[in-house]
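A.B. asks: Below is a structure I'd like to ask you about.
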Amino acid sequence: MRVGDAMDLSAELCAVMSNRLAEIPELAGMVERFLQAFDVPGPTIFQINLALEELIANTINYGYRDDGDYAIRVTIAMAGREISIRIEDDAAPFDPFARAPVDTAAAIDDRGIGGLGIHLVKEMIDRVDYRRVGDRNHVTLRHSYAPAAADDRVGERED
Amino acid sequence: MSDAQTPALLHPSGRLDANNSAQFEKDMLEVLDRSPHGMVMDFSELGYVSSAGLRVVLLAAKKVKAAGGTFVLCGLSPSVSEVFKISGFLSILTVVPDRGAALARFS
């Protein structure tokens, strides 16, 4: 994974990872350290990392026609109390937010797991957007947060 | 507690994600093979779970139920619990606070 130079190092994180699931924990650690520097609360960091994993794992698992090496770019920008996240890839065109909602009220024997990851993203993140730009997928997430109070930082474990 | 009633126990730590859920599924199927009639998943050391982990939990609960056994989940942190809640899993799974309360379901 590469971490790119940003216009303003203090307010933007840019990382380029390859289409390997094994790189997701490394990305999560990088995102956690970056957001912690802005006093983003642990539960919000959890939600951001969950959204990143669900979207990126979807792309890695279903978006490519071969086992080749492809780059996925993740940019996180801080503006006031809003976190803006952009995920860009050159996988097959796919709007992750277009599919029908999952039935979370179904009984255990009727529950499948398909679509659950995207359901979590839509429920946890304030605003989500997809655009196909040229031969690339652009997924944008926007999420507001209240800064962690000093008391909150030691409470909950978020590995 | 007799051996027949002793549930399989899984106690993952750290992250349960798309990268390691296949290994967790393998571990789950192994312990279930030895003790098919009940299972406790203790998530007290788990800081993070994604839908890849939920998939294995759902699979385990279905398999135990099909064998006529009891599946109990315990030790969810607030963030992990939120993932289960949003997924609708809190209403279809037996979730208790800690391992003691989980094991009490088998006594």
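Please treat every number below as a calculation from the coordinates, not as lab data. Quick caveat, the model's predicted, so the values are computed rather than measured. Don't worry about glycine lacking a Cβ; one is built from the backbone with ideal geometry, like all the others, and counts go over all protein chains shown.
A.B. asks: What distance in nm separates the simple spin-label points at residue B:6 and residue B:30, each placed 7 Å from Cα in the Cβ direction?
C.D. replies: 1.7 nm
A.B. asks: Let me spell out the model: positive unit charges on the Cβ of Lys and Arg, negative unit charges on the Cβ of Asp and Glu, origin at the Cα centre of chain A. What dipole size does that give, in debye rounded to 20?
C.D. replies: Details: 17 positive and 29 negative charges, 74 e Å.
With only Lys, Arg, Asp and Glu charged at Cβ, the dipole is about 360 debye.
A.B. asks: Explain nothing, just the number: dipole magnitude of the protein assembly as shown about its Cα centre with +1 on each Lys and Arg Cβ and -1 on each Asp and Glu Cβ, in debye rounded to the nearest 20.
C.D. replies: My answer is approximately 600 debye.
A.B. asks: Show the residues, 5+ positions off or on another chain, whose built amide H is closer than 5 Å to the amide H of residue B:75.
C.D. replies: B:43, B:96, B:98
A.B. asks: On C-alpha positions alone, give me the angle between the axis of helix B:21-34 and the longest principal axis of chain B, in degrees, nearest 10.
C.D. replies: It is inclined by approximately 10 degrees.
A.B. asks: Another question, if that's okay. Report the gain in length on full extension from residue A:103 to residue A:131: 0.36 nm times residue separation, minus Cα-Cα distance, nm rounded to one decimal.
C.D. replies: Gain on stretching residue A:103 to residue A:131: 7.5 nm.
A.B. asks: If r is the Cβ-Cβ distance from residue A:39 to residue A:138 and R0 is 25 Å, what FRET efficiency results, to the nearest 0.05?
C.D. replies: 0.35
A.B. asks: Treating only the Cβ atoms of Lys and Arg (+1) and Asp and Glu (-1) as charged, compute the dipole magnitude of chain B about its Cα centre; round to the nearest 20 debye.
C.D. replies: That gives a dipole near 300 debye.
A.B. asks: Taking the Cα centre of each part, how many Å lie between the stretch B:1-49 and the stretch B:58-107?
C.D. replies: Answer, in whole Å: 11.
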